[in-house]
Amino acid sequence: MLPRYFTDKLAKYGVLITALVSILVLLAIAVFIIQGGLPLFSAVNPFDFLFGQSWSPTYDEYGILSMIVGSLLVTLGSMVIAVPLGIACAILLAEVAPQRVRNLLRPAVELLVGIPSVVYGLVGIMVIVPAIRNLGGTGYSVLAAVLVLSIMVLPTIISISEDSLRAVPRTYRDGSLALGASQWQTIWHVLLPAARSGVGASIVLGMGRAIGETMAMIMVIGNAVIIPTSPLDPARTLTGNIAVEINYAAGLHENALFATGFVLLILILILNSLATLALKRGEQHA
């Protein structure tokens, strides 16, 4: 009895220490970014930084509005495409497809998770960009970035949503079918509401990956510091701006990139909080 007591205590405090270390690491990263970005605001007005449209380090002009718009457009656009496709694929794998098809498709989905983002970027350059070029422009555009990003976040949404659907107790399915509901009615009215929290978590994680993606976006979006007025226009994301310029940045320019990282961190927190709040309200309404 005594060893079990100490084992339980050791496990409890081990989990607590690990959680505290994780929180401290996140706080340290936030403090590091803030310290690197604060000197910028001694020379640049915060309002001009957030809402200015001109980014020209040579002339000490640091406005990131166009990059905020670019990040939001590609993130929301990719989620509009990826969420319904991902949930539909999860339903197929969890409830509809025969076992032989599941055994074939599930490893393929898991394989997509591990593919490096630069490979997605290469596929975008060789396949998607030339196809969009036929519609107009250079092909390096918001639309190309949205399509590539949609493919990248799909595996995350599919895997977590499928696991959530499989976790729903079998009695839910049997009870619904016994009452005369069809398979689709059971999926739509019973299984999806029961798995709402897991499906919502997959959407939030997919959104986090979408807004934080860098390499593939640099390769297909065009990296023009403008506010796009059409899906065929080029743009630049916040992550792409940091990655493209950090190697040669110095002084105020470097501080501006750190401040850009802090804005990106706040933007991710806002989007995740809004998504979580929407999911909670949906659960309360249900």
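The values are calculated or read from the model by the stated rules, or taken from the named source; none is laboratory data. Since the model is a prediction, treat every value here as computed from it, not as a measurement. When we count neighbours, we look across all protein chains shown, and the Cβ atoms used for this are built from the backbone with ideal geometry, even at glycine. Just so you know, the surface numbers come from the protein's heavy atoms only, side chains and all, with ligands and any DNA or RNA stripped out. Shrake-Rupley method; radii C 1.70, N 1.55, O 1.52, S 1.80 Å.
Among LEU72, LEU26, LEU93, which is under 26 Å from the mean Cα position of the chain (by Cα), among the aliphatic types (A, V, I, L, M) and closer than 30 Å to VAL168 by Cβ? Outline the logic, then answer.
On the way: LEU72 fails: closer than 30 Å to VAL168 by Cβ; LEU26 fails: closer than 30 Å to VAL168 by Cβ.
Result of the check over LEU72, LEU26, LEU93: LEU93.
Residues of the range 1-49 being of a type in the set (A, V, I, L, M), outside any helix (DSSP H, G or I) and without any contact (Cβ under 8 Å) to a residue 12 or more places away in the chain, which ones? Before the answer, list the steps.
Residues of the range 1-49 that are of a type in the set (A, V, I, L, M), as a first pass: 1-2, 10-11, 15-17, 19-21, 23-31, 33-34, 38, 40, 43-44.
Those left that are additionally outside any helix (DSSP H, G or I): 1, 43-44.
The answer is MET1, and nothing else.
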What single numbered condition from (1) out of contact with any Gly (no Cβ under 8 Å at 6 or more places or on another chain); (2) within 16 Å of ILE68 (Cβ to Cβ); (3) outside any helix (DSSP H, G or I); (4) open to solvent by less than 40 Å² (accessible area, probe 1.4 Å) fails to hold for THR229? (4)
Considering residues of the range 108-132 that are surrounded by fewer than 18 Cβ atoms within 10 Å (Cβ to Cβ), hydrophobic (A, V, I, L, M, F, W, C) and touching a residue at least 40 places away in the same chain (Cβ under 8 Å) only, the residue nearest to ALA216 (Cα to Cα): VAL118
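From ARG209, ARG170, ARG196, ARG236, which residue is of a type in the set (Lys, Arg), in contact (Cβ under 8 Å) with a residue 60 or more places away in the chain and closer than 25 Å to PRO84 by Cα? Steps first, please.
On the way: ARG209 fails: in contact (Cβ under 8 Å) with a residue 60 or more places away in the chain; ARG170 fails: in contact (Cβ under 8 Å) with a residue 60 or more places away in the chain; ARG236 fails: closer than 25 Å to PRO84 by Cα.
Matching residue, one of ARG209, ARG170, ARG196, ARG236: ARG196.
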Residue pairs qualifying under the 7 Å Cβ cut-off, at least six apart or on distinct chains, with the first in the range 250-277 being of a type outside the set (Gly, Ala, Ser) and the second being open to solvent by 30 Å² or more (accessible area, probe 1.4 Å) and outside any helix (DSSP H, G or I), are LEU252/ALA43; LEU252/ASP60; LEU257/ILE246
